[in-house]
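Enquirer: Sharing a structure, written as structure tokens. Questions coming.
The values are calculated or read from the model by the stated rules, or taken from the named source; none is laboratory data. What you see is a predicted model; the values in this text were computed from it and never measured. Every residue, glycine as well, gets a Cβ built from its backbone with ideal geometry; the counts of neighbours run over all protein chains shown. Side chains included, ligands, DNA and RNA excluded: accessible areas come from the protein's heavy atoms. Shrake-Rupley method; radii C 1.70, N 1.55, O 1.52, S 1.80 Å.
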Amino acid sequence: TYWGRLAPMRDGDESHDPDLRSARRAADAVAAGRRTARELTESALARAREVQERTNAFVALLPESARADADRIDAARARGATLGPLAGVPVAVKANLCVEGVPTTAAAEILAEFRPPADATVVRRLRDAGAVLIGTTNMDAFGMGASSERSAHGPVRHPTHEGRVPGGSSGGSAVVVACGVVPLALGTDTGGSVRQPAAFCGVLGYKPAYGTLSRAGAIAYGSSLDQVGVFAHDAEDVARAMAAMVGPDPADATCVPRGADDLRTFAEAAADRAGDLAGVRVGVLRDLAEQGNEPSVRDAVRRVADAAGALGAEVADARLPTARVGVAAYHLIAATEAASNLARYDGLITGVRRGEEADGQEAVATASRGAGFGPEVRRRVLMGTFAASAGHRDAWFLAAARVRRKVADQLARAFEAHDLLLLPTAPTVAFRAGARTDDPLAMALGDVHTCLANLAGVGAVSVPVGRDAEGLPVAVQALAPVGHDVRLLRFARALREHGTSVLSSSG
């Protein structure tokens with residue numbers, strides 16, 4: 001296998017198509033006639049093929065449908081029709097988000113033959129806004145992993161550093177944005193699966209508050225934790241994508257209006273040019289920011305706190321006493337919900353079958369699930385089945401649920417004093433490939449910071465803020481209370497666009 005090193009895609013790098021680095025730039029170029037949607041699509045497909053050889057970031061490229069969609073956009077512009085806000089923008093989506101007629105495997109062998117009859121709601125809404133879907137991206141099977149190594153399609157490789165993981169489970173989506181293939185990609189985030197790979201690959205990763213985006217057409221892992229998220233290079237592009245996707249969906253009863261987080265507000269966030277953080281109350285979770293993190297991560301939190309203060313924020317310490325046990329509660333709850341959600345994949349009605357009908361229902365289901373899930377999915381399903389079983393439910397699942405309630409309550413109290421909470425995205429930078437595949441505990445502890453937002457259902461964003469001594473990206477994370485996700489995008493924009501000098505001088 002070739003592990004070639006890609007040139008780092010840093011801000012201002014024009015070695016690849018610059019219009020593929022910004023959704024705003026791409027959409028504006030198409031609207032103004034400087035580029036056609038077909039030109040952008042061909043450029044994205046060519047870059048995708050190049051990147052795929054080195055990173056294995058895609059499960060499927062969709063050149064025929066992408067060209068057809070691009071040609072329709074160009075024809076609409078030629079006849080003077082109104083174009084959508086993302087018209088001509090190439091995008092990619094994680095392989096657990098349904099795309100009509102395209103194998104949607106969630107990177108699991110048991111779903112190798114699944115071709116959805118319709119797009120996931122978020123995919124359809126992006127396409128309705130004019131986005132051109134060029135492919136589906138690789139991931140950990142069913143979203144269960146933090147390195148994108150547990151995939152039926154083979155592991156995803158880091159975009160710039162040979163032998164490092166890109167993070168997971170949405171590693172493929174993070175890689176294609178980092179490599180300049182597309183300016184926008186979708187992932188899913190159950191305990192950090194958008195934010196952690198974004199941190200490892202040096203891009204922006206945004207998880208909305210639970211219920212902000214529809215999950216209809218997303219293959220479920222942990223239904224009370226799952227949320228669709230967005231990868232991009234800047235907050236304006238995230239806001240544009242959110243404006244296209246946000247809103248209630250009759251197909252998802254958990255998708256509800258969030259007051260401040262409606263289409264108008266996200267659209268305004270996309271156009272907002274405010275550069276400072278005057279009056280924003282930022283609480284730094286010092287306990288989480290210090291112990292258990294690599295030096296570069298600890299330093300990044302300190303530098304960002306200084307930068308926020310320099311941009312006018314009111315920075316103070318905040319506390320979350322139950323935070324460190326949240327990761328254990330998260331994994332128990334997620335595994336229990338996974339055991340229920342994945343029970344439908346039995347090889348009899350749903351999923352690839354192993355064995356013949358004459359073998360009997362139990363034998364066929366056992367063989368199909370054993371072969372089709374993979375080792376990590378099997379481990380989590382077994383753990384979840386145990387945690388919910390008679391005689392163990394009170395000691396495990398219900399205990400985890402009580403911890404979850406404490407975490408949510410403590411976060412709510414913290415948000416009474418702070419508009420945003422600042423903490424690391426991950427305890428480390430991108431670790432070495434293979435280093436944790438045989439150590440489930442080490443892999444699980446990587447979620448210690450990110451899982452808190454999922455347990456409480458609040459919004460969170462991971463922002464890249466520099467690199468360590470080896471050139472690996474380092475990131476920090478901000479959390480906001482439900483109903484105020486737009487604060488996260490404004491924080492990310494201020495930090496990325498106006499905090500550079502402070503970060504550099506204090507680094």
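Enquirer: Report yes if G4 is among the small types (G, A, S) and modelled with pLDDT under 95, otherwise no.
Expert: It is true that G4 is among the small types (G, A, S) and modelled with pLDDT under 95.
Enquirer: Return the pairs, sorted by first residue and then second, in which the second residue is surrounded by fewer than 20 Cβ atoms within 10 Å (Cβ to Cβ) and among the aromatic types (F, W, Y), the first residue lies in region 102-124 and is closer than 25 Å to P90 by Cβ, the beta carbons are less than 8 Å apart, and the residues are 6+ apart or on different chains.
Expert: Correct list of pairs: P103/F114; T104/F114; T105/F114.
Enquirer: If we keep just the residues of region 381-391 that are of a type outside the set (S, T, Y) and either open to solvent by 60 Å² or more (accessible area, probe 1.4 Å) or out of contact with any Phe, Trp or Tyr (no Cβ under 6 Å at 6 or more places or on another chain) (or both), which is farthest from R344 (Cα to Cα)?
Expert: Top of the filtered list is G391.
Enquirer: Still on this structure: Can you spot a residue in region 14-35 that is more than 17 Å from H158 (Cβ to Cβ), outside any helix (DSSP H, G or I), modelled with pLDDT under 95 and open to solvent by 60 Å² or more (accessible area, probe 1.4 Å)?
Expert: yes
Enquirer: Is there any pair linking a residue in region 138-165 that is at pLDDT 95 or above to one that is of a type in the set (K, R) and open to solvent by less than 10 Å² (accessible area, probe 1.4 Å), with Cβ under 8 Å and at least six apart or on different chains, and which?
Expert: Final answer for the pair search is M139/K94.
Enquirer: Okay, next question. Can you pull out every residue in region 420-459 that is hydroxyl-bearing (S, T, Y) and at pLDDT below 95?
Expert: T437, the sole residue that qualifies.
Enquirer: Continuing with the same structure: From the list A433, A480, pick out the single residue that is touching a strand residue (DSSP E or B) at 6+ places or on another chain (Cβ under 9 Å), among the small types (G, A, S) and farther than 30 Å from P257 by Cα.
Expert: The unique qualifying residue is A433.
Enquirer: Could you check how many residues of region 102-119 are in a loop (DSSP other than H, G, I, E, B) and open to solvent by 30 Å² or more (accessible area, probe 1.4 Å)?
Expert: 8
Enquirer: Which numbered condition trips up S224, out of (1) over 24 Å from A46 (Cβ atoms); (2) under 14 Å from the mean Cα position of the chain (by Cα)?
Expert: Against the list (1) over 24 Å from A46 (Cβ atoms); (2) under 14 Å from the mean Cα position of the chain (by Cα), S224 comes up short only on (2).
Enquirer: Further question: Using the structure shown, decide if V99 is crowded, with 24+ Cβ neighbours inside 10 Å, assigned to a loop (DSSP other than H, G, I, E, B) and among the β-branched types (V, I, T).
Expert: When the stated conditions are applied, V99 passes them.
Enquirer: Just to be sure, is A87 without any contact (Cβ under 8 Å) to a residue 12 or more places away in the chain, open to solvent by less than 50 Å² (accessible area, probe 1.4 Å) and assigned to a loop (DSSP other than H, G, I, E, B)?
Expert: No.
Enquirer: Separate question: For S462, all conditions in the list (1) in contact with a Leu (Cβ under 8 Å, 6 or more places away or on another chain); (2) at pLDDT below 95 hold save one; what is the number of the exception?
Expert: (2)
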